[in-house]
Amino acid sequence: MTMAAYAPAGAVRAAADAADRAGSSVSFDQVSVAYRGVVVMKPLTLNVEAGEILALIGPSGSGKTTALRAVAGFVRPASGRIRIGDTDVTDLPPYERGLAMVVQNYALFPHMRVDQNVAFGLNAQKAPKALTAERVEESLRIVGMSAYAKRYPRELSGGQQQRVAIARALAVRPRVLLLDEPLSALDAQIRRSMVEELAKLHRTLPHLTVLYVTHDQSEALTLADKIAIMKDGMLNAHGPTAELYRRPPNRFAAEFLGRANILPARVEDNGSASGFAKVAVGADSVLALPSSLPNGGGCLLCVRPQHLALQPDGNDVNVIAGTLRDVHWQGELTHLVLDVADTIVRVVVTRPPDLPPAGSRMKLHFSPSDASLIPADAHV
């Protein structure tokens, strides 16, 4: 008899949970992919912790879906190794990797009812009927589709079909869930609702590791614990979501992950002693988050449009002047376009005051904690 047989139920459950977490991490070790001799993903080293949601984002052709397909076993790496937990899965077929994948076109079988679709993977594994029924019921309950078990896919909306696809993936109890643009075929309102459902799903299954490929930055910011930004088949940036957004390491990351104003600046004091860096932007001096950039050198100041204000508040000690070029009203938000130090700057406000005519000078206010510095040559 094993030691687990003598342990309290809670201890056994905790040990099982720990084993589940340890077994669902994903690691890329110098993984590259080539099609007919053309390298489409350069050597990628990336670790995804067990229970983590990692969003892979980047422009088309950047390599994000290729990375996902390499984990799934649908493409063979030209070099490097892929591990799930402690297992090297590089040479394993997809069905032996303990994964499930959901794609953007749902891929439901039209001639099968919802419950039959969800049971498909379990039937393929020849799972006992009682276990299959239990898993189908639980998976549909998790995604809120229990009432639709006897319907056919054609009788469901797009969002409901995607929920069924996710339930089918969950029913096989995957170690890792791969999501490849799962919401891109849905309209904006349903997509927002599904993002909330996915966040709720992960709270229900906190040990499930998720790799999520998306073009939608708001989805990535809402769902992901960490984000990996791909560009030209390479990893451009990787880190915790909030940190990557607040302090992007290079210009591409700053502009791709949410809109960003990038202003040329010069470091007057990098803030290593004072707590905030001081930089010159045109004729103005402003404070920003500290950096390791050398004093006297050129840099780029990054400030998000929504962090610029037309009126100061208690934290907005920074002021820069610009010339108003254009105003775009978009319902609850108003977008302003200004010229600051020969650079286009965009501002997003909710209740703009009476604005002067185009060509007028205006002052913009922002907090030092909302401004970060990027090396001037970090354009990758």
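The values are calculated or read from the model by the stated rules, or taken from the named source; none is laboratory data. Worth saying up front: this structure is predicted, and the values here are computed from it rather than measured. All Cβ positions, glycine included, derive from the backbone under ideal geometry; neighbour counts span all protein chains shown.
What to note about this one:
- Restricting segment 201-248 to residues that are more than 24 Å from Ala70 (Cα to Cα), surrounded by 19 or more Cβ atoms within 10 Å (Cβ to Cβ) and over 12 Å from the mean Cα position of the chain (by Cα) leaves a set whose member that is modelled with the lowest pLDDT is Leu201.
- Options Leu99, Leu54; residue that is at pLDDT 95 or above and in the same structural domain as Phe28 (by TED's automatic domain parsing): Leu54
- Unique residue being in contact with a His (Cβ under 7 Å, 6 or more places away or on another chain) and under 18 Å from Val102 (Cα atoms) when the list is Leu208, Leu170: Leu208
- Filtered residues of segment 257-301 (kept if buried (at least 16 other Cβ atoms within 10 Å of the Cβ) and hydroxyl-bearing (Ser, Thr, Tyr)): Ser285, Ser291
- Residue in segment 165-173 that is more than 22 Å from Arg151 (Cβ to Cβ) and assigned by TED's automatic domain parsing to the domain that holds Val103 present: yes
- If only residues of segment 142-167 that are basic (Lys, Arg) and surrounded by fewer than 14 Cβ atoms within 10 Å (Cβ to Cβ) are counted, the one that is nearest to the chain's Cα centre (by Cα) is Arg154.
- Arg83 being assigned by TED's automatic domain parsing to the domain that holds His202, surrounded by fewer than 18 Cβ atoms within 10 Å (Cβ to Cβ) and at pLDDT 90 or above: yes
- Some residue of segment 110-133 being loosely packed, with under 15 Cβ neighbours inside 10 Å and within 24 Å of Glu219 (Cβ to Cβ): no
- Qualifying residue in segment 170-188 (condition: more than 29 Å from Leu257 (Cα to Cα), at pLDDT 85 or above and not hydrophobic (A, V, I, L, M, F, W, C)): yes
- In segment 124-141, of all residues being charged (D, E, K, R) and over 14 Å from Leu170 (Cα atoms), the one that is nearest to the chain's Cα centre (by Cα) corresponds to Lys126.
- In segment 42-58, the residue that is farthest from Phe256 (Cα to Cα) out of those that are surrounded by fewer than 22 Cβ atoms within 10 Å (Cβ to Cβ) and out of contact with any Lys or Arg (no Cβ under 7 Å at 6 or more places or on another chain) is Glu49.
- Listing of helices (runs of 4 or more DSSP H) fully contained in segment 214-301 that carry 2 or more residues being touching a strand residue (DSSP E or B) at 6+ places or on another chain (Cβ under 6 Å) and under 25 Å from Val340 (Cβ atoms): 251-256
- When segment 24-80 is limited to residues that are in a loop (DSSP other than H, G, I, E, B) and of a type in the set (Ser, Thr, Tyr), the one that is nearest to Leu235 (Cα to Cα) turns out to be Ser62.
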